[in-house]
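Read the structure below first, then the notes.
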Amino acid sequence: MFEESLAEGRSFLHQLDPRVKVVVAFSYAIIVALSSHLLSLIWAGLFVGFLFVLAQLEPRRVLRQVLVANYFILLLVIVLPFTYPGKVLYSVGPLSLTKEGAIYALHIFLKSNLILTCLVLLLSTSSVFTIAHALHHLHVSEKLVQLIFFSFRYVHVIHREYQKLMAAIKLRGFVPRTNLHTYKTYAYLVSSLLIKSYDRSERVYKAMLCRGFKGVFPTYKHFKMQRKDKLFALGAAFYLIFLILWAF
Amino acid sequence: MEIIRLKDIQFAYPGRSPLFRALSFSFSAGERIGIMGPNGAGKTTLLQLMVGLLKPQAGEVIIFGRPRRDENDFYEVRRRIGLLFQDPDDQLFCPTVEEEIAFGLLNLGIPRKQLPGLIKEVLSLVGLEGFEKRVTYKLSGGEKRLVALASVLAMRPEVLLLDEPTGDLDPKNTERLVNILNRLSLSYIVVSHDKNFLEKVTSSILWFENERFLPLNAVHR
């Protein structure tokens with residue numbers, strides 16, 4: 001579930017300096033999120049297509065990751081056209097679909113998918129540790145970087161703990177139903193996970209102290225900005241300026 | 001030379017009855033002792049007190065001839081006394097093996113240039129040549145244990161504290177650990193329930209119960 005399978009590869013995008021990736025992905029996300037013209041989103045889509053070519057990943061694997069997030073916006077996209085005030089296009093009983101609502105929903109749908117795909121392509125092609133290092137070098141607050149890194153690292157451990165507990169529960173004949181017993185069992189499961197992860201975090205911290213940890217994350221591998229990284233950064237900068245001109 | 005001395009240690013976990021009321025213990029350079037004891041006797045607590053991960057409510061912790069009280073005192077201690085945790089998952093947090101081993105070395109301020117050589121050396125010491133780029137959380141239980149040991153050994157401790165090191169090892173890996181420990185020229189304390197293993201790696205085995213250390217032979221048969 002939390003494997004970094006997309007990070008394995010040798011394409012141009014995989015080898016790109018992670019600092020460049022973080023900065024470009026962040027700027028792209030902000031510009032796209034704030035843009036107010038549909039046409040600019042088409043230009044934004046062009047960039048995603050370009051990244052697909054550079055990443056040389058199976059599009060299906062990338063899109064599957066993006067799809068997960070679409071469950072969250074699905075409800076919004078369905079409800080919005082019927083609840084937004086505006087010119088009525090179509091009426092079914094008490095429901096009426098408005099033109100403004102439909103456009104608004106389309107905006108949200110396109111923007112979120114463009115941003116997500118761009119993030120997956122740019123950031124998932126590096127390991128989380130590399131991204132954490134890059135954030136360090138970009139002078140993001142140390143606490144924030146550690147928070148991001150450890151969340152990722154221990155979500156994996158907690159997930160495994162959850163699977164273990166769930167298996168133990170099922171082995172004793174538990175079948176989820178809509179009753180108090182089920183809710184209680186889930187509550188116990190969550191509380192036990194919380195306590196266990198707290199205990200673990202304490203042990204991990206102790207283990208770090210044993211190896212001379214003083215609050216700073218020393219980075220072992222340094223990246224070097226190369227010609228191709230600079231070229232990509234320059235190209236991306238021009239493109240993003242162009243996107244800004246269209247967006248507003 | 002006496003390395004570790006615990007004097008009249010009193011310790012209780014918050015909200016629980018005291019685990020130790022007046023515990024005393026001494027460990028000298030060159031010794032290799034095994035500690036056995038019932039569950040809950042405080043074996044892990046004992047090891048953690050020695051490196052200052054837990055602080056006693058009363059009594060003295062004297063390490064390398066100096067009383068140790070606060071974090072600063074123990075910073076030096078932790079460099080010279082390495083502790084291998086019971087669960088390797090607590091110890092491994094870097095994505096790759098080489099970064100895991102580099103972590104302690106970088107904390108000690110060792111120049112980056114020397115790291116690849118040191119990492120290679122310590123990996124071959126534990127028999128994991130070529131594991132540098134492997135992803136830590138995809139390793140097997142036995143490999144994780146050995147990587148955790150390597151990350152401790154890389155810091156060149158003078159004393160090693162091992163907390164149930166064979167818990168997740170199969171017979172073959174246990175044998176490997178026996179060979180590694182016997183090849184090291186280190187003093188160590190091993191906590192374990194595996195008498196067979198202790199007999200192979202230590203020169204004396206103590207039974208620890210109710211705050212008292214007794215030779216194992218005196219307790220069992």
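Values in this text are rule-based calculations from the coordinates and carry no lab data. None of these values were measured; they are calculated from a predicted model. A quick note on method: Cβ atoms are made from the backbone with ideal geometry, for glycine too, and the neighbour counts reach across all protein chains shown.
Given a 10 angstrom Cα cut-off, can you work out which residue in B:Glu99, B:Glu129, B:Glu60 is the most mobile in a GNM of chain B? Among B:Glu99, B:Glu129, B:Glu60, the largest GNM mean-square fluctuation belongs to B:Glu129. The protection proxy used here, the mean number of other Cβ atoms lying within 10 Å of each residue, ranks peptides A:156-162, A:208-214, B:179-185, B:45-51 as follows, highest first: B:45-51, A:208-214, A:156-162, B:179-185. Inter-chain Cβ neighbour count for B:70-82, averaged per residue, equals 2 (cutoff 10 Å, partner chain atoms only). The distance linking region B:156-205 with region B:88-116 is 23 Å (Cα centroid to Cα centroid, whole angstrom). This model, with +1 at the C-beta of Lys and Arg and -1 at the C-beta of Asp and Glu, gives region B:5-110 a dipole about its Cα centre of some 640 debye. Shown here for region B:87-165: chymotrypsin sites (Phe, Trp or Tyr not before Pro) in loop regions (DSSP other than H, G, I, E, B) with at most 11 other Cβ atoms within 10 Å, of which there are none. Between their Cα atoms, which of A:Lys143/B:Lys55; A:Lys206/B:Lys7; A:Lys196/B:Lys7; A:Lys221/B:Lys138 are more than 31 Å away from each other? The answer is A:Lys196/B:Lys7.
Result for chain B in a Gaussian network model with C-alpha springs under 10 Å: among B:Leu108, B:Leu128, B:Leu198, the largest mean-square fluctuation is at B:Leu108. Charges were assigned to the Cβ only: +1 to each Lys and Arg, -1 to each Asp and Glu. The resulting dipole of the protein assembly as shown about its Cα centre is roughly 520 debye. Among B:Arg16, B:Arg32, B:Arg145, the residue with the largest mean-square fluctuation in a Gaussian network model of chain B, with springs joining Cα atoms closer than 10 Å, is B:Arg16. Think of it as helices only: each DSSP H run of n ≥ 4 in the protein assembly as shown is worth -39500 (n - 2.57), and spread over all residues that comes to -18000 deg cm²/dmol at 222 nm. Going from the residue with the fewest nearby Cβ atoms within 10 Å to the one with the most, A:Ser191, A:Ser197 rank A:Ser191, A:Ser197. Across region A:163-248, the convex hull enclosing all Cα atoms gives 277 Å³ per residue.
Taking the Cα centre of region B:2-219 as reference, the dipole from Cβ charges on Lys and Arg (+1) and Asp and Glu (-1) amounts to some 320 debye. Charged neighbours of B:Leu186, selected by a Cβ distance under 13 Å, balance to +2 (K, R count +1; D, E count -1).
Shape index of the protein assembly as shown: Rg/Rh, with Rg the Cα radius of gyration and Rh the Kirkwood radius from the inverse mean 1/r over Cα pairs, equals 1.08. Considering only A:Tyr205, A:Val190, A:Val216, the residue lying farthest towards the positive end of the dipole of region A:184-228 is A:Val216, judged by Cα position with unit charges set on Cβ. Ranking A:Leu180, B:Thr96, A:Leu38 by Cα position along the charge dipole of the protein assembly as shown, where only Lys, Arg, Asp and Glu carry charges on their C-beta atoms, puts A:Leu38 farthest toward the positive end. Listed peptides A:172-180, A:106-114 appear in the order A:106-114, A:172-180 once ranked by packing, highest mean of other Cβ atoms within 10 Å at the front. The angle between the Cα long axis of helix B:171-183 and the longest principal axis of the Cα atoms of chain B comes to about 80 degrees, rounded to the nearest 10. Within chain A, the whole DSSP H helices whose Cα atoms reach 15 Å or more along their own axis and whose mean Kyte-Doolittle score is at least 1.0 are A:18-34, A:38-55, A:59-83, A:99-123, A:227-247. Taking the fewest neighbouring Cβ atoms within 10 Å as the starting point, the ordered list for B:Trp207, A:Trp246 is A:Trp246, B:Trp207. Counting only alpha carbon atoms, the long axis of helix B:115-125 and the longest principal axis of chain B meet at about 70°.
Sorting A:35-44, A:69-78, B:81-90 by average packing, meaning the other beta carbons within 10 Å per residue, from highest down gives B:81-90, A:35-44, A:69-78.
This ranking places B:Asp168, A:Asp17 by how few other beta-carbon atoms lie within 10 Å of each, fewest first, which gives B:Asp168, A:Asp17. Mean per-residue shielding of peptide B:100-107 is 5, counting Cβ atoms of other chains within 10 Å of each Cβ. Legend: mean number of C-beta atoms from other chains within 10 angstrom of residue C-beta atoms, peptide B:145-157, equals 1.
Would you mind classifying chain A by shape? Square roots of the alpha carbon gyration tensor eigenvalues, ordered a ≥ b ≥ c; an a/c under 1.5 is rounded, otherwise it is prolate if a/b is larger than b/c and oblate if not.
oblate
Annotation: aspartates and glutamates with alpha-carbon distance below 20 angstrom to B:Lys172 (same-chain offsets under eight excluded): B:Asp87, B:Glu129, B:Glu143, B:Asp163, B:Glu164, B:Asp194, B:Glu199.
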